[in-house]
Amino acid sequence: MQFDEKWAFVAKKEKHCDRDNPEDDCCGDCWDYLALDPEHRLVVSALVGKHSAEHVDLLVADFRRRTGGRLMNLMTSDENPAYAEAILESYGEEYQPRRRGRRGRKPARRQRPPQGLRYATVHKTREKNRVVQVEQRVIYGTVLAVAAALAASAVSTAVNTVFVERHNGTDRNRNARKARKSYCFSKDWAVHEAVSYFTLYSYNFCWPVRTLREKGAEGKWQLRTPAMAAGLTDHRWSMTEWLCFPGVQQK
């Protein structure tokens, strides 16, 4: 599983905003927080908001809820330290530290990563706005455990965030509001947020990914969407079908 965030802005960039002016409260930098399954190219969880550790916490908590609390084979992200704290908060096991000495209060209960949790980051060194070195760092788990997870992976042989970063490019192409150096940028925060969720989640069911295609019985290539690859559906949905599908299922 790969985590990442993508920058955009609403009305005007952050450096042009006056935070003392109430009219600028819904302007400025706006970020997409994303949790992507690289094997199926599936957007599992997404969140739109300001750049803050709180939004990272909400993303990881939502991802854990959607996956039933299961530990992933491997989780990766960039060097944003908020992810390590959020993963520990969502997946950590509470324990009671030992008291030093015989007097005084017991230490407050703390959290530690559970056995089987594997999380690594990609640290990029830049010079003159160019990446000159990429370093992998294991945060939770052991180097051997991360190596074993990569050996079992169907898509990666090294710690990386290339799949979620590639999806960022796809989403910028599908959502003109996020294209760089464009006059199509959003002018309203609520509309920007709504369109972001629309493109991010419709991608799962309506957008065939070329690298997910499979050869059929007749030798012809069959296009597949991320939802098809993940076994959530057996066909590519039209936009009408996706929009008309009820969000809440009645049992």
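The values are calculated or read from the model by the stated rules, or taken from the named source; none is laboratory data. None of the values given here were measured: they were computed from a predicted structure. A quick note on method: Cβ atoms are made from the backbone with ideal geometry, for glycine too, and the neighbour counts reach across all protein chains shown. For the accessible areas, the whole protein counts, side chains as well, though only heavy atoms, and no ligand, DNA or RNA atoms are used. Shrake-Rupley method; radii C 1.70, N 1.55, O 1.52, S 1.80 Å.
A few notes on this one:
- Stokes-Einstein diffusion for segment 180-226 at 4 °C, viscosity 1.567 mPa s, with a Kirkwood radius from C-alpha pairs, works out to 98 µm²/s.
- Accessible carbon and sulfur surface of segment 86-185 relative to its total accessible area, %, 1.4 Å: 46
- Simple Cβ-charge dipole of the chain, Lys/Arg +1 and Asp/Glu -1, about Cα centre, in debye nearest 20: 960
- Candidates 116, 104, 28, ranked by Gaussian network fluctuation over the chain, Cα under 10 Å, top entry: 104
- Over the chain: helical MRE at 222 nm, DSSP H runs n ≥ 4 each giving -39500 (n - 2.57), nearest 500: -9000 deg cm²/dmol
- At the residue level, residue 23 shows approximately 150 square angstrom of accessible surface with a 1.4 angstrom probe and all protein chains present.
- Helical segments meeting 24 Å axial Cα length and Kyte-Doolittle -1.0 threshold in the chain (DSSP H): 189-206
- Heavy-atom accessible area order for 167, 16, largest first, 1.4 Å probe: 16, 167
- Accessible area (Å², per residue) of segment 130-177, counting only protein heavy atoms and a probe of 1.4 Å: 59
- Relative intensity, log₁₀ I(q)/I(0), of the chain from a Debye sum that treats every alpha carbon as a point, q = 0.09, 0.12 Å⁻¹: -0.49, -0.84
- Computed accessible area, residue 221, all protein chains, 1.4 angstrom probe, square angstrom: 130
- For the chain, the relative contact order works out to 17 percent when only alpha carbon pairs closer than 8 Å and six or more residues apart are counted.
- Under-19-angstrom lysine pairs by C-alpha in the chain, whenever the two are 8 or more apart or on separate chains: 21
- Here's the picture: charge each Lys and Arg Cβ at +1 and each Asp and Glu Cβ at -1 in the chain, and of 38, 195, 151 the one pushed furthest to the positive end of that dipole is 151.
- Taking the convex hull of Cα positions in segment 76-190, its mean projected area over all directions (nm²): 12.8
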